[in-house]
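Contents: one structure, followed by commentary.
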Amino acid sequence: MMKFCAAAVAALLVTSAQAQAQDFYKGKQLTVLVAGTAGGGIDIGARVMARHLGKYIPGNPNVVAQLMPGAGGIRMIDHMNKVAPRDGTVIGTVAPGPIIEPLIGKRKIDYRMTDFTMLAAMDKDVTLCLAWHASKFKTIKDVMAATMTVAGTGAGSSTDIYPMFLNEVLGTKFKVITGYLGSQETIIAIERGEVDGRCGWGWSSLNSTRPDWVRDKKVTYLLQLGMERNPKVDAPLGLDLARDDATRQMMTLMFGPLALNKPFFGPPGLPANQTAILRKAFAEALKDKDLRAEAVKTFGAELQPTSGEAAQKLIADIYATPPAVTERLRGILAK
């Protein structure tokens with residue numbers, strides 16, 4: 001009898017929460033703030049998700065992706081931290097760089113990603129250092145022998161952090177030309193010959209933004225950055241080139257967030273019931289056959305999503321990196 005009563009109470013609570021959620025979201029708009037520019041990989045991923053997410057949220061709100069570029073993604077996170085409502089009507093998505101900026105960045109940052117509520121990540125990824133086909137750079141060894149210019153999108157972004165880091169730990173000679181607003185601007189710079197290439201470009205993002213570059217071999221892959229090598233990319237994995245254990249630890253801190261490709265998160269203080277509703281909605285949307293088919297067509301591969309709970313744990317593990325490792329890494333990037 002006691003077990004029956006407990007089960008009945010639990011069922012009533014779930015039903016009540018669902019009813020409240022439907023009342024809350026019905027007729028509302030859920031805004032996904034995109035820390036990137038139009039046509040970039042983060043933007044495209046957000047719009048794919050926005051087309052499918054609403055039908056899995058009680059009340060079926062209208063889901064809209066809204067661009068908020070600037071400072072390599074930090075502008076949007078600051079907005080989420082200080083300005084955005086904390087009721088489940090505004091969430092965000094960002095590239096990997098800003099996730100670890102509070103740990104390793106030069107600037108004083110007012111947020112820690114452990115304070116935010118992770119809802120899901122669409123995929124796992126590797127990011128690339130690549131050169132335009134017409135440049136003289138054909139292997140990572142070429143970048144160790146001569147200076148290669150790469151396009152950057154601002155402090156805190158992977159396009160600026162990764163090349164600086166590789167210069168210190170692998171002996172490369174990347175020179176970052178920074179200040180480009182987003183992915184589309186770096187693409188134009190590469191095609192014009194303003195820079196030799198880019199270091200810090202996700203494989204899935206490259207496939208979605210410039211599939212012709214992949215198909216027509218307009219770029220040369222120099223190095224893969226991530227926790228595992230992508231067999232579709234003919235380039236060595238950075239971790240395999242690490243000279244010692246300390247370097248491997250730093251690379252794990254730097255590239256661990258790539259396991260959270262196209263992450264979605266709510267602001268600090270998101271209520272527990274809204275967190276549960278949105279995590280469930282993302283989990284169901286990422287199983288949706290139409291969304292997955294669209295993702296294959298867009299990104300060139302099956303999605304490998306991460307749940308909100310698993311993403312939250314990974315963020316916590318990253319922020320638990322020993323201080324000696326983060327201090328050494330911060331010192332390298334401050335040079």
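Calculate one ³J(HN,Hα) per residue across the range 119-133 by plugging θ = phi - 60° into the Karplus curve 6.51 cos²θ - 1.76 cosθ + 1.60, and present them in order as whole Hz with x for glycine and proline.
In residue order, the calculated couplings are 10, 3, 10, 5, 7, 10, 8, 10, 10, 10, 9, 9, 10, 4, 4 Hz.
May I ask for the angle, rounded to the nearest 10°, between helix 289-299 and the longest principal axis of the chain, with both axes built from Cα atoms and the value confined to 0 to 90°?
So the inclination is approximately 10 degrees.
Considering only protein heavy atoms, what per residue accessible area in square angstrom results for the chain with a 1.4 angstrom probe?
I get 43 Å² per residue for the chain.
Could you state the angle between the C-alpha long axis of helix 323-333 and the longest principal axis of the C-alpha atoms of the chain, as a value from 0 to 90 degrees rounded to the nearest 10?
Compared with the principal axis, the helix lies near 50 degrees.
How much of the accessible area of the range 20-63, in percent, comes from carbon and sulfur atoms when a 1.4 Å probe is used?
46
I need the phi-derived Karplus couplings for the range 270-277: 6.51 cos²θ - 1.76 cosθ + 1.60, θ = phi - 60°, integer Hz, Gly and Pro marked x.
4, x, 4, 5, 5, 4, 4, 4
Whole angstrom only: what separates the Cα centroid of the range 92-148 from the Cα centroid of the range 295-335?
After rounding, the separation between the Cα centres reads 10 Å.
Please list, in order along the range 303-314, the HN-Hα scalar couplings obtained from phi with the Karplus expression 6.51 cos²θ - 1.76 cosθ + 1.60 (θ = phi - 60°), rounded to whole Hz, x for Gly and Pro.
Along the range 303-314, the couplings run 5, 10, x, 10, 5, x, 5, 5, 5, 4, 5, 4 Hz.
Please express the Cα-Cα pair-distance distribution P(r) of the chain as a list of whole percents, one per 10 Å bin, running from 0 to the bin with the greatest distance.
All Cα pairs, binned at 10 Å, distribute as 6, 26, 33, 21, 9, 3, 1, 0 percent.
Please figure out what share of the DSSP beta bridges in the chain is antiparallel and state it in percent, rounded to the nearest 5.
Roughly 55 percent of the beta bridges in the chain run antiparallel, per DSSP.
The values are calculated or read from the model by the stated rules, or taken from the named source; none is laboratory data. Remember, predicted model here, so these are calculated numbers, not experimental data. Protein only, heavy atoms only, side chains kept; ligands, DNA and RNA dropped before computing areas. Shrake-Rupley method; radii C 1.70, N 1.55, O 1.52, S 1.80 Å.
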